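> This is the structure, below, for whatever I ask next.
The values are calculated or read from the model by the stated rules, or taken from the named source; none is laboratory data. Quantities reported herein were computed from a predicted structural model and do not represent experimental measurements. Using ideal geometry, Cβ is built from the backbone for each residue, glycine included, and neighbour counts are taken over all protein chains shown.
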Amino acid sequence: MHKLINHIGIILLLILTSHTIYGQQLEGTLYEINEDEKKQVLAGATIYWQNTSIGSISDSHGRFIIPRKNQERHLIISFIGYQSDTVLIDKDQTILELILQKGKELSGVTITSNESTYISSRPILSQRITTEGLRKAACCNLSESFESTISVDVSYSDAISGAKQIQMLGLAGIYTQIMLENTPYIRGLAAPFGLMYIPGSWMEAINISKGTASVINGYESITGQIDVNYKKPETNKEKLFVNVFLNSMLKTELNLNTRFQIKENSSSMFLFHFENQFLKSDHNTDGFIDSPLNTQLNFMNRWDYSIPNKMEGRTLISYLYENREGGQMDFDKQKDHLSTKAYGLGIQTHRMNIISKNGLLLPGKHESLASILSFTYHDFDAFYGLKSLHSQQLSAYANIFYENFIDKKEHHKIDVGMSYQIDGYNESFNDSNSLRIESVPGIFAQYSYILDDKFIVIAGLRGDVHNLYGFFLTPRLHMKWQMLNHTSLRLSIGKGYRAPNLYIENTSLMNTSRVFVIEEDIKAEEAWNAGASITQTFKIKGKESTVILDYFYTHFNQQTIVNVDRNPQKVYFYNLNGSQSFAHSAQIEWMLYPFKGWEIISAYRFNYVRQELDGKLMEKTLNSKHKALLSLSYATKFEKWKFTVSGQFHGKQRLPATASNPLAYQRADYSPNFFTLNAQITKKFKYIDIYVGAENLTNYKQHHPIIAAEDPFGEYFDSSIIWGPIDGIMIYTGLRLTLK
């Protein structure tokens, strides 16, 4: 590993900086609280960016729209009878509410967002799930945060481990880049359980982008990008936040966030998460624990700091420990570990991550220097019946780039920079051992043409040299054209690559009797993605509703084929080698606000995913062609009560071939269609929210999810063919305490 350490030492010499953002506009509504403690719009107030002449005036409905440029963060509100004050706005925020108490200073302003989800004005099609949207579900972690969208599919990867996987544009989550505040985050050994490492109470918002992302963020994004924004001490006014959660399976959670103001321009936040599942249950009487026993401890401390008009930055340090046990009900880890007495699963994880981002404003009015540094250590120690997998990952990532608007009107912008990613893997699977180092230096350039947010073109190109797979050339192009006042067209095309990690990305197949057969040296995956979308907005009683129609096509030049159809007792890994593999995905979504307090989200998605297996073009397994969503939300005045009901229709999925198994161990060619329903009620008090909800109210379950459950060490055992819920109705309750 000394070579890896030397590479990391080089990285630590790079400057640390943070990302800048693209030009957009800020839309808001200004209210006051009258003597009856009711919200009332405030018309005629002046809103403008600090040290600029860019401003707006709130209309008769309290609404305002103000252009947003690259550097602006401080919004000043001025109104007769109130003391002018400055509000710090999040870089990514595009919609907000400002509420102030009548007769009091504006320093009491709070920023809220009633919409649970909205479409960003960026050229790349991006949907933002807000804090309000995150709280409409149990939202214990990132994997449970997509109830209000069908852009991301979430399902269990197998019936034993409790791991969840996602799909975007009909393809596995490994083709989606998962970021933490614009920094690559869930990758490598985090692939099986990484979605469950991000607590819901830590998140401020989630940005979901479809198609290839900016070249600034690397070459890995093929089908999309999920960027998680954590709560920030500089904008979050919670001095103390506590969330306690309990469900009907006796899973408990405790979340605690607190912030500290260190100096005028520096602040810190501590975030803590604990969860525990200690109860064994077997409601389907197959002899296996329905939900694995699990204990997770997760800590994060972040510092945000700035020197006004000179620099700003943030540093995040986190540590996670998780212990997960599953298998047969009578499995005892102390007695039955790696024995045939009872089938068991055990996974122990240690993960440490450091991210530091700092930005420097250069003397030129429109220039900045930005970079990111990230360091990750991940230890994954697991056994699956008689199989064992122990992997260690040591990774470092650095990205430094320069941004400049090359004209005074800020129509032309360039970004140029360099990045370096290094990953060291020490892996032991059963009796085999391997040490692999992936070193990838890269350079990139991106040009943006911005015409007052009416027409934007972003053209980017990057080149990376992978020490194992050679040269990656990544071109990407994005365009947004606002054809009419409320109609926008977006187009994108780009290429993406990824380096496969066979064992950790296929841990669901560890909980089977399948033998892993690697037929050849596996190459890097390479694919093109192209997409188009139309966004139409319109007003209903003063609220802006949105309809989005999008289509994306993904074509693989090279792909790692995981063939589970050739033989139910084996899984074959090999390269695409000129065969066909592609995916079509089309979606229509409607976000409607018809009456005060009401939100209706409806959507339909169609996937057509094909892959050539052994000379035959076949439908991708465990992928639903049709999916639909309807979500209804209502909030009473001042949001004292909130009600949410959401239902999802799941179309049939092709299942892996089992026809050669004995009749008792065969499964149908396709799963049935099914429907799931979730609901939640929240009661808001002054400092406390109490919520009660239920998931899978229809109590729909996949029967006999484990093949040959009675003979887990036999040749037909398979727990990986999961197409529907494996748990029945789950009721939960919780309490949120917020002190500001």
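> Here's a check for you: in segment 427-444, which residue that is free of Cβ contacts under 8 Å to residues at least 40 places away in the same chain and either part of a strand (DSSP E or B) or in contact with a helix residue (DSSP H, G or I) (Cβ under 8 Å, 6 or more places away or on another chain) (or both) is surrounded by the fewest Cβ atoms within 10 Å (Cβ to Cβ)?
Restricting attention to segment 427-444, the residues satisfying the condition of being free of Cβ contacts under 8 Å to residues at least 40 places away in the same chain are 431-434, 436, 440-441, 443.
Then keep just the ones that are either part of a strand (DSSP E or B) or in contact with a helix residue (DSSP H, G or I) (Cβ under 8 Å, 6 or more places away or on another chain) (or both); that gives 432-434, 436, 440-441, 443.
On the way: SER432: 8, ASN433: 10, SER434: 11, ARG436: 13, VAL440: 21, PRO441: 17, ILE443: 15.
My answer is SER432.
> Say we look at segment 452-478 and pick out the residues that are modelled with pLDDT of 95 or more and not in a strand (DSSP E or B); which of these is farthest from ILE414 (Cα to Cα)? Can you show your working first?
So in segment 452-478, the residues modelled with pLDDT of 95 or more come out as 457-478.
Of the ones still in play, those that are also not in a strand (DSSP E or B) are 467-469.
Numbers: ASN467: 29, LEU468: 31, TYR469: 29 Å.
Once the filter is applied, the top-ranked residue is LEU468.
> Out of segment 155-166, which residues are in contact with a Ser or Thr (Cβ under 6 Å, 6 or more places away or on another chain), in contact (Cβ under 8 Å) with a residue 40 or more places away in the chain and part of a strand (DSSP E or B)?
Once the filter is applied, which keeps residues that are in contact with a Ser or Thr (Cβ under 6 Å, 6 or more places away or on another chain), in contact (Cβ under 8 Å) with a residue 40 or more places away in the chain and part of a strand (DSSP E or B), segment 155-166 yields only GLN165.
> Residues in segment 270-289 that are modelled with pLDDT of 95 or more and farther than 15 Å from GLY327 by Cβ: how many?
Count: 7.
> Taking segment 462-492 only, how many residues are surrounded by 15 or more Cβ atoms within 10 Å (Cβ to Cβ) and farther than 29 Å from LEU549 by Cβ?
6
Per-residue answers, yes or no, for (1) crowded, with 18+ Cβ neighbours inside 10 Å; (2) assigned by TED's automatic domain parsing to the domain that holds PHE472; (3) aromatic (Phe, Trp, Tyr); (4) assigned to a loop (DSSP other than H, G, I, E, B):
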residue: ILE548; (1), (2), (3), (4): yes, yes, no, no
residue: TYR551; (1), (2), (3), (4): no, yes, yes, no
residue: ASN557; (1), (2), (3), (4): no, yes, no, no
residue: PRO568; (1), (2), (3), (4): yes, yes, no, yes
residue: ALA583; (1), (2), (3), (4): yes, yes, no, no
residue: PRO594; (1), (2), (3), (4): no, yes, no, yes
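> Please state which one of PHE405, PHE401, PHE444 is in contact with a Lys or Arg (Cβ under 8 Å, 6 or more places away or on another chain) and either modelled with pLDDT under 95 or not assigned by TED's automatic domain parsing to the domain that holds PRO184 (or both).
Numbers: PHE401 fails: in contact with a Lys or Arg (Cβ under 8 Å, 6 or more places away or on another chain); PHE444 fails: either modelled with pLDDT under 95 or not assigned by TED's automatic domain parsing to the domain that holds PRO184 (or both).
Just a single option satisfies the conditions, and that option is PHE405.
> Does ILE414 satisfy the condition of being of a type in the set (A, V, I, L, M), within 28 Å of the chain's Cα centre (by Cα) and more than 30 Å from ARG68 (Cα to Cα)?
Details: of a type in the set (A, V, I, L, M): yes; within 28 Å of the chain's Cα centre (by Cα): yes; more than 30 Å from ARG68 (Cα to Cα): no.
Against the criterion (of a type in the set (A, V, I, L, M), within 28 Å of the chain's Cα centre (by Cα) and more than 30 Å from ARG68 (Cα to Cα)), ILE414 does not qualify.
> Quick check, is LEU189 more than 17 Å from GLU525 (Cα to Cα) and in the same structural domain as ALA708 (by TED's automatic domain parsing)?
Details: more than 17 Å from GLU525 (Cα to Cα): yes; in the same structural domain as ALA708 (by TED's automatic domain parsing): yes.
Judged against the criteria, LEU189 is a match.
> Just the residues that are surrounded by 20 or more Cβ atoms within 10 Å (Cβ to Cβ), touching a Phe, Trp or Tyr at 6+ places or on another chain (Cβ under 9 Å) and of a type outside the set (Val, Ile, Thr), please, taken from segment 357-374.
Restricting attention to segment 357-374, the residues satisfying the condition of being surrounded by 20 or more Cβ atoms within 10 Å (Cβ to Cβ) are 357-359, 368, 370-374.
Filter once more, so that each one left must be touching a Phe, Trp or Tyr at 6+ places or on another chain (Cβ under 9 Å): 358, 368, 370-374.
Hits for segment 357-374 are ASN358, SER368, ALA370, SER371, LEU373, SER374.
> Select from segment 264-290 the residues that are over 27 Å from ALA679 (Cβ atoms) and free of Cβ contacts under 8 Å to residues at least 40 places away in the same chain and write down the one among them that is surrounded by the most Cβ atoms within 10 Å (Cβ to Cβ).
Among them, the one singled out is MET269.
> Being over 24 Å from the mean Cα position of the chain (by Cα) and assigned to a strand (DSSP E or B) is the filter here; which residues of segment 479-534 pass it?
Listed by number, the residues that qualify are TRP481, GLN482, MET483, LEU484, THR487, SER488, LEU489, THR512, VAL515, PHE516, VAL517, ILE518.
> Could you tell me how many of the residues in segment 403-434 are acidic (Asp, Glu), in contact with a Phe, Trp or Tyr (Cβ under 7 Å, 6 or more places away or on another chain) and more than 19 Å from TYR219 (Cα to Cα)?
The first filter runs over segment 403-434 and keeps only residues acidic (Asp, Glu), leaving 403, 407, 410, 415, 423, 427, 431.
Filter again for in contact with a Phe, Trp or Tyr (Cβ under 7 Å, 6 or more places away or on another chain), leaving 415, 427.
Subset that is more than 19 Å from TYR219 (Cα to Cα): 427.
Total satisfying the criteria: 1.
> Additional query: Across segment 596-609, what is the number of residues that are surrounded by fewer than 16 Cβ atoms within 10 Å (Cβ to Cβ) and under 21 Å from GLN559 (Cα atoms)?
Result for segment 596-609: 1.
> Further question on the same structure: In this structure, does LEU254 turn out to be more than 24 Å from the chain's Cα centre (by Cα) and among the hydrophobic types (A, V, I, L, M, F, W, C)? Reasoning before the result, please.
Working: more than 24 Å from the chain's Cα centre (by Cα): no; among the hydrophobic types (A, V, I, L, M, F, W, C): yes.
Against the criterion (more than 24 Å from the chain's Cα centre (by Cα) and among the hydrophobic types (A, V, I, L, M, F, W, C)), LEU254 does not qualify.
> Next question. Output the number of residues of segment 167-195 satisfying the condition of being in contact (Cβ under 8 Å) with a residue 60 or more places away in the chain and assigned to a helix (DSSP H, G or I).
Count: 5.
> Among the numbered conditions (1) in the same structural domain as LYS596 (by TED's automatic domain parsing); (2) crowded, with 21+ Cβ neighbours inside 10 Å; (3) out of contact with any helix residue (DSSP H, G or I) (no Cβ under 6 Å at 6 or more places or on another chain), tell me where GLN127 comes up short.
With (1) in the same structural domain as LYS596 (by TED's automatic domain parsing); (2) crowded, with 21+ Cβ neighbours inside 10 Å; (3) out of contact with any helix residue (DSSP H, G or I) (no Cβ under 6 Å at 6 or more places or on another chain) applied to GLN127, the lone miss is (1).
> Only one of ILE450, ILE406 is buried (at least 18 other Cβ atoms within 10 Å of the Cβ), in contact with a His (Cβ under 9 Å, 6 or more places away or on another chain), farther than 30 Å from PHE516 by Cα and aliphatic (A, V, I, L, M). Can you tell me which? It would help to see each step written out before you state the result.
Numbers: ILE406 fails: buried (at least 18 other Cβ atoms within 10 Å of the Cβ).
Just one listed residue meets the conditions, ILE450.
> Within segment 454-466, can one find any residue that is out of contact with any Phe, Trp or Tyr (no Cβ under 8 Å at 6 or more places or on another chain), touching a residue at least 12 places away in the same chain (Cβ under 8 Å) and assigned by TED's automatic domain parsing to the domain that holds HIS390?
The answer is no; no qualifying residue exists.
> How many residues, within segment 639-664, are of a type in the set (A, V, I, L, M) and closer than 23 Å to LEU134 by Cβ? Can you show your working first?
In the first step, residues of segment 639-664 are kept if they are of a type in the set (A, V, I, L, M); the result is 645, 655, 657, 659, 663-664.
Then keep just the ones that are closer than 23 Å to LEU134 by Cβ; that gives 645.
Residues meeting the conditions: 1.
> May I pose another question? Considering each residue of segment 606-656, count those that are closer than 18 Å to ILE721 by Cα and either free of Cβ contacts under 8 Å to residues at least 40 places away in the same chain or among the small types (Gly, Ala, Ser) (or both), and give that number.
Result for segment 606-656: 6.
> Please work out which one of (1) of a type in the set (S, T, N, Q); (2) touching a residue at least 40 places away in the same chain (Cβ under 8 Å); (3) closer than 30 Å to ARG514 by Cα is the condition ASN577 fails and give its number.
Checking ASN577 against (1) of a type in the set (S, T, N, Q); (2) touching a residue at least 40 places away in the same chain (Cβ under 8 Å); (3) closer than 30 Å to ARG514 by Cα, the one that fails is (2).
> Among the residues of segment 119-139, what is the count of those that are in a strand (DSSP E or B) and at pLDDT below 70?
Taking segment 119-139 and keeping what is in a strand (DSSP E or B), we get 119, 126-129.
Narrowing the set further to residues that are at pLDDT below 70 leaves none.
Counting residues in segment 119-139 that are in a strand (DSSP E or B) and at pLDDT below 70 gives 0.
> Moving on to the next point. Restricting attention to segment 538-586, report how many residues are in contact with a helix residue (DSSP H, G or I) (Cβ under 8 Å, 6 or more places away or on another chain) and of a type in the set (Phe, Trp, Tyr).
1
> Identify all residues within segment 664-718 that are among the hydroxyl-bearing types (Ser, Thr, Tyr) and surrounded by 13 or more Cβ atoms within 10 Å (Cβ to Cβ); write none if there are none. Please lay out each step first, then the result.
In the first step, residues of segment 664-718 are kept if they are among the hydroxyl-bearing types (Ser, Thr, Tyr); the result is 665, 670-671, 676, 682, 687, 691, 698, 700, 716.
Within segment 664-718, TYR665, TYR670, SER671, THR676, THR682, TYR691, THR698, TYR700, TYR716 meet the criteria.
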